[in-house]
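The values are calculated or read from the model by the stated rules, or taken from the named source; none is laboratory data. From a predicted model like this one, the values you see are computed outputs, not experimental measurements. FYI the Cβ positions are ideal-geometry reconstructions off the backbone, even for glycines, and counts take in every protein chain you see. The accessibility values were calculated without ligands, DNA or RNA, using every heavy atom of the protein model including side chains. Shrake-Rupley method; radii C 1.70, N 1.55, O 1.52, S 1.80 Å.
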Amino acid sequence: MAAKILLLEDERAIRSFIRINLKRKGFEVIEASTGEEALQLFRENKDIIVAVLDVMLPGISGFEVCKGIRSSDSEIGIIMLTAKSQEEDKIEGFDTGADDYVTKPFSPSELMARVNALLRRVGSREKKAASKLESGPFVLDMDERRLFKAGEEIEITPTEFSMIELFMKSDGKNISKDHILDEIWGKNYIGDMKIVSVNIRRLRSKIEDEPSQPRYIETLWGYGYRWCEGEQA
């Protein structure tokens, strides 16, 4: 069965361009031209696995749609489309729950690479790994794709799940930003490396008691990060 993608874009020509290229790659595309329509289609199609959302829209913005989708589904992959390249827009997209962003104008190959990389992180919702990772107060349920800290569940996105999995499997070894980028977004990722630090900040805000003084994800200045099992970083 073809993976189902929700496409939100108010400009008909751009929406048609994206739809054609997604369908050529075998995806089933559900289209919306407004944020309100996108949220309604999302509610009606529970098997949507990725959402591609334009930011600038009439009515509610793509950020608001992203927030609405993420509040009810922590597993779906979300890519934001933006005509702006300002850092604030990227950060706002990640803060509302997006996994990635593509800046207009973009090539079909770039968008397909982002979608495919995200699909690898999201995985099949029927796939069962039937195992758990444990580190300090954390338990990562690979079967249900859920994270727990001291028995309390922490809501995370597919990208955050992949990042915490990478950290917990690292055995406390130093991990470079380049390695994180390759492992999470793919070796052919085209974009700003700041995507790593922005997502680290978002992940820290969820798992750290004091995000400004992280105990679990230690920064190695000029290199990357290291996972700590609760000792003071």
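Can you sort ARG114, ARG146, ARG24 by solvent-accessible area, 1.4 Å probe, largest first?
Values: ARG114 15, ARG146 85, ARG24 180 Å².
From most accessible down to least: ARG24, ARG146, ARG114.
Just the accessible area for LYS206, please: 1.4 Å probe, Å², rounded to the nearest 10?
Roughly 70 Å² of LYS206 is accessible to a 1.4 Å probe.
Taking only protein heavy atoms and a 1.4 Å probe, what accessible area per residue, in Å², does the chain have with all protein chains in place? Intermediate results must be reported in sequence, preceding the final value.
Details: 11270 Å² over 233 residues.
I get 48 Å² per residue for the chain.
When all protein chains stay in place, what accessible area (Å², nearest 10, 1.4 Å probe) is found for MET56?
MET56 exposes around 110 Å² with every protein chain in place.
Would you mind calculating the relative contact order of segment 132-227 from Cα pairs under 8 angstrom and at least 6 residues apart, reporting the percent as a whole number? Please report the intermediate quantities before stating the final value.
Working: 102 pairs, mean separation 23.0, N = 96.
Once normalised by length, the contact order is 24 percent.
Top to bottom by accessible area (1.4 Å), largest first, where do LEU111, LEU57 land? Could you put the intermediate results ahead of the total?
Details: LEU111 5, LEU57 30 Å².
Putting LEU111, LEU57 in descending order of accessible area: LEU57, LEU111.
Residues with amide H under 5 Å of GLY186's amide H, sequence separation 5 or more or different chain, H placed in the peptide plane at 1.01 Å from N; which?
Under 5 Å from the amide H of GLY186 lies no amide H from a residue far enough along the sequence or on another chain.
Quick check: at a probe of 1.4 Å, how many percent of the accessible area of the chain sits on carbon and sulfur atoms? Walk me through the intermediate numbers first.
Working: 5430 of 11270 Å².
Here it works out to 48 percent.
Using Cα pairs closer than 8 Å and at least 6 residues apart in sequence, work out the relative contact order for the chain, in percent. Walk me through the numbers on the way to the answer.
On the way: 376 pairs, mean separation 30.8, N = 233.
Relative CO of the chain lands at 13 percent.
How high is the relative contact order of segment 4-123, in percent, with contacts defined as C-alpha pairs under 8 Å that are six or more residues apart?
Working: 195 pairs, mean separation 27.9, N = 120.
Relative contact order comes out at 23 percent.
Taking 41 Å as R0, compute the FRET efficiency from the Cβ-Cβ separation of ALA13 and ASP182 and round it to 0.05. Before the final figure, lay out the partial values.
Details: r = 34 Å, r/R0 = 0.84.
For R0 = 41 Å, the calculated efficiency reads 0.75.
Divide the volume of the convex hull of the Cα atoms of segment 4-123 by its number of residues and quote the answer in cubic angstrom per residue.
Working: hull volume 10.9 nm³, N = 120.
Enclosed volume per residue, from the Cα hull, is 91 Å³.
Quick one: among ARG12, ARG204, ARG120, which has the greatest mean-square fluctuation in a GNM of the chain with alpha-carbon springs under 10 angstrom?
Its mean-square fluctuation being the largest, the pick is ARG12.
Using θ = phi - 60° and the Karplus relation 6.51 cos²θ - 1.76 cosθ + 1.60, list the HN-Hα couplings for segment 54-71 in order, rounded to whole Hz, with x at every Gly or Pro.
Per-residue couplings from phi come out as 6, 7, 8, 9, x, x, 6, 7, x, 4, 5, 5, 4, 4, x, 5, 5, 5 Hz.
For the pairs LYS104/LYS194; LYS4/LYS25; LYS46/LYS194; LYS4/LYS104; LYS149/LYS169, note any where the Cα-Cα span goes beyond 20 Å.
Values: LYS104/LYS194 18 Å; LYS4/LYS25 12 Å; LYS46/LYS194 32 Å; LYS4/LYS104 23 Å; LYS149/LYS169 16 Å.
From the list (LYS104/LYS194; LYS4/LYS25; LYS46/LYS194; LYS4/LYS104; LYS149/LYS169), the Cα-Cα distance tops 20 Å for LYS46/LYS194; LYS4/LYS104.
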